[in-house]
Amino acid sequence: MIEIVPAIDIIDGKCVRLSKGDYDQKKVYDASPLDMAKAYSDCGVNRIHMVDLDGAKCSAPVNLKVLEQVASAVDCTVEWGGGISGAEALRSVFDAGADHAVVGSVAALHPDLFEQWLEQFGSEKMVLGADVKNGLIAVKGWLETAQLSIDELVERFLKHGLGQVICTEISRDGMLQGPADELYVRLQSAFPDVIFTVSGGISSMADIERLNGLGLKKVIVGKAIYENRITLKDIERWSLNV
């Protein structure tokens, strides 16, 4: 069974969702990140995906107090991304309670450093965040693109123990129009020893059921929950079978 990983994106300590990664297309939700995290944990999920969008924009973690609150309040593991630009930032994220660190810009722009982290902390703690925009890897909070493909990026880190990749198809993120199925099926087939997490476009449980049928392993769900297209009950029922 594919594992549902609920997402909490944070700006100014609040839950938000962007459309296509555009900070100018931001929707703020009433629920606090802590309340949402507790609700997800109560549903029996194994992992929560948290993104510090302020941190991604300024290349340094900003919302670590939120991470500390969540990590101390939930039973599941927490993966955290956004602003992890150097060793000090990475350590601060782990010190604040993250179980997994999602690294995108550094991996694309300073691959030698990400290789060191993979070897130092291991593939269980280090997750490659590979965000795709027009076929290329997006960096710095999706505000810029690097001149390389996701295949090139993944291939580089395989020999250093890469085991987990979150791939976000930015054109679909926050649009509730369904995920890019073919992209994930191709990647999972090309790199069978890596667990790829589907991210971007999930609109309903039908999307998740289809991805499960395609043999994919993990899926991040964000806006569909906030817009009540997928309920906490749906997540709880699914998580009982994972």
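Among the residues of this structure, residue 185 does not count as one that is in contact (Cβ under 8 Å) with a residue 12 or more places away in the chain, open to solvent by 10 Å² or more (accessible area, probe 1.4 Å), more than 16 Å from residue 170 (Cα to Cα) and in a loop (DSSP other than H, G, I, E, B).
Within region 109-129, residues that are outside any helix (DSSP H, G or I) and surrounded by fewer than 21 Cβ atoms within 10 Å (Cβ to Cβ) sit with their Cβ atoms under 7 Å from residues that are modelled with pLDDT of 95 or more and hydrophobic (A, V, I, L, M, F, W, C), at 6+ positions apart or across chains, in these pairs: 123/162; 125/101.
Restricting attention to region 189-204, the residues that are surrounded by fewer than 19 Cβ atoms within 10 Å (Cβ to Cβ) and not in a loop (DSSP other than H, G, I, E, B) add up to 3.
Return yes or no: is residue 97 of a type outside the set (Val, Ile, Thr), farther than 26 Å from residue 8 by Cβ, modelled with pLDDT of 95 or more and in a loop (DSSP other than H, G, I, E, B)?
Values: of a type outside the set (Val, Ile, Thr): yes; farther than 26 Å from residue 8 by Cβ: no; modelled with pLDDT of 95 or more: yes; in a loop (DSSP other than H, G, I, E, B): yes.
Answer is no for this residue.
Please find, among 67, 34, the residue that is touching a residue at least 12 places away in the same chain (Cβ under 8 Å) and open to solvent by less than 20 Å² (accessible area, probe 1.4 Å). Don't jump to the end; show me each part of the working.
Details: 34 fails: open to solvent by less than 20 Å² (accessible area, probe 1.4 Å).
After ruling out the rest, the residue left standing is 67.
Filtering region 143-177 to residues that are in a loop (DSSP other than H, G, I, E, B) and either under 13 Å from the mean Cα position of the chain (by Cα) or of a type outside the set (A, V, I, L, M, F, W, C) (or both) leaves 147, 149, 159, 160, 161, 163, 173, 174, 177.
Yes or no, residue by residue, for (1) under 21 Å from residue 25 (Cβ atoms); (2) among the small types (Gly, Ala, Ser):
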| site | (1), (2) |
| --- | --- |
| 170 | yes, no |
| 184 | no, no |
| 204 | no, yes |
| 212 | no, no |
| 220 | yes, no |
| 223 | yes, no |
| 229 | yes, no |
| 232 | no, no |
| 236 | no, no |
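Of all residues in region 81-89, one or more are open to solvent by less than 30 Å² (accessible area, probe 1.4 Å), on the phi > 0 side of the Ramachandran plot and touching a Gly at 6+ places or on another chain (Cβ under 8 Å). Residue-level check: of (1) charged (D, E, K, R); (2) in contact (Cβ under 8 Å) with a residue 24 or more places away in the chain; (3) open to solvent by 30 Å² or more (accessible area, probe 1.4 Å), residue 159 misses just (2). Considered as a group, the residues in region 14-38 that are in contact with a helix residue (DSSP H, G or I) (Cβ under 6 Å, 6 or more places away or on another chain) and of a type outside the set (Lys, Arg) include one that is nearest to residue 74 (Cα to Cα), and that residue is 37.
Checked against the criterion of being farther than 18 Å from residue 4 by Cα and of a type in the set (Gly, Ala, Ser), the candidates 189, 239, 203, 199 yield just one match: 189.
Of everything in region 205-237 that is of a type in the set (D, E, K, R) and in a loop (DSSP other than H, G, I, E, B), the residue that is surrounded by the fewest Cβ atoms within 10 Å (Cβ to Cβ) is 227.
The values are calculated or read from the model by the stated rules, or taken from the named source; none is laboratory data. None of the values given here were measured: they were computed from a predicted structure. When we count neighbours, we look across all protein chains shown, and the Cβ atoms used for this are built from the backbone with ideal geometry, even at glycine. Ligands, DNA and RNA are excluded from the accessible area calculation, which covers all protein heavy atoms including side chains. Shrake-Rupley method; radii C 1.70, N 1.55, O 1.52, S 1.80 Å.
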